[in-house]
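Here the structure comes first, spelled out in structure tokens, and everything after it is commentary.
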């Protein structure tokens with residue numbers, strides 16, 4: 001990872017995002033986006049067992065949007081890291097209590113905290129990282145019995161597949177050049193290869209950020225129904241990724 005151009009690409013991308021409105025670029029600024037973000041934060045908190053976790057690592061915290069939500073959903077202390085100093089400056093501007101949240105401008109690769117976390121979490125971050133090496137690092141950072149939970153883009157979703165594989169669409173949608181998306185059974189295999197157990201990867205999220213305000217409730221309800229249909233749920237927009245270090 002250290003000799004890869006990927007970290008520098010991500011730093012440059014963060015600098016570019018910070019010049020505008022990152023949360024709107026990511027789709028979290030609309031009415032539908034806010035509903036999606038709140039649900040995503042709850043799913044991650046539940047999947048990682050944040051209610052019981054004392055020490056939590058959030059990878060790729062960005063502007064701190066999800067950090068703030070996580071802090072409101074758990075009593076533990078969060079170490080929130082990001083490789084972009086510009087995005088971290090926005091996160092620090094949220095004024096979160098220092099005794100609850102510590103922000104650090106460091107990559108996962110360079111994080112030297114070895115005392116063991118009860119949970120490692122993140123929203124849309126694993127698909128920016130070298131997967132196998134990152135999973136091994138997360139495994140080492142977790143205490144035995146500790147859990148990871150991430151929400152990541154689903155490559156089987158038609159829009160995601162086009163967006164992640166066509167360079168012009170990547171640029172138009174505000175993606176970084178190196179990011180990708182996951183097919184869940186391949187991701188499960190990578191987690192197993194890194195030593196994780198009790199893996200559960202669940203497709204979710206049919207609510208698009210562009211859904212008009214008046215239709216958010218209807219589309220959300222329809223999305224929950226689609227998530228319960230085995231064939232249809234595979235094409236949802238996101239994957240909720242859960243696993244445990246034995």
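Readers should treat all values here as calculations from the given coordinates under stated rules, not as data from a laboratory. All values reported here derive from a predicted model rather than from experimental measurement. Glycine gets a Cβ as well: all are built from the backbone with ideal geometry, and neighbour counts include every protein chain shown.
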Could I have the simple spin-label model distance between residue 97 and residue 8, label points 7 Å from Cα toward Cβ, reported in nm to one decimal? 4.2
So what is the calculated 222 nm ellipticity per residue for the chain, using -39500 (n - 2.57) for each DSSP H run with n of 4 or more, over all residues, to the nearest 500 deg cm²/dmol? -12000 deg cm²/dmol
Simple label model, 7 Å out from Cα along Cβ direction - residue 213 to residue 227, nm: 2.4
What distance in nm separates the simple spin-label points at residue 89 and residue 165, each placed 7 Å from Cα in the Cβ direction? 3.9
Expressed in nm to one decimal, what extension gain is obtained for the pair residue 180 and residue 143 from 0.36 nm per residue of sequence separation less their Cα-Cα distance? 10.5 nm
Give the order of 61, 149 when sorted by the count of other beta carbons within 10 angstrom, beginning with the fewest. 149, 61
Among DSSP bridges having both ends in the chain, what percentage is antiparallel? Round to the nearest 5. 40
To one decimal place, what Kirkwood hydrodynamic radius in Å is obtained for segment 61-199 from all pairs of distinct Cα atoms? 16.2
Stretchable slack from residue 202 to residue 42, in nm (0.36 nm times residue separation minus alpha-carbon distance): 56.2 nm
Ratio Rg/Rh, restricted to segment 12-99 and using Cα atoms, in which Rh is the Kirkwood radius: 0.96
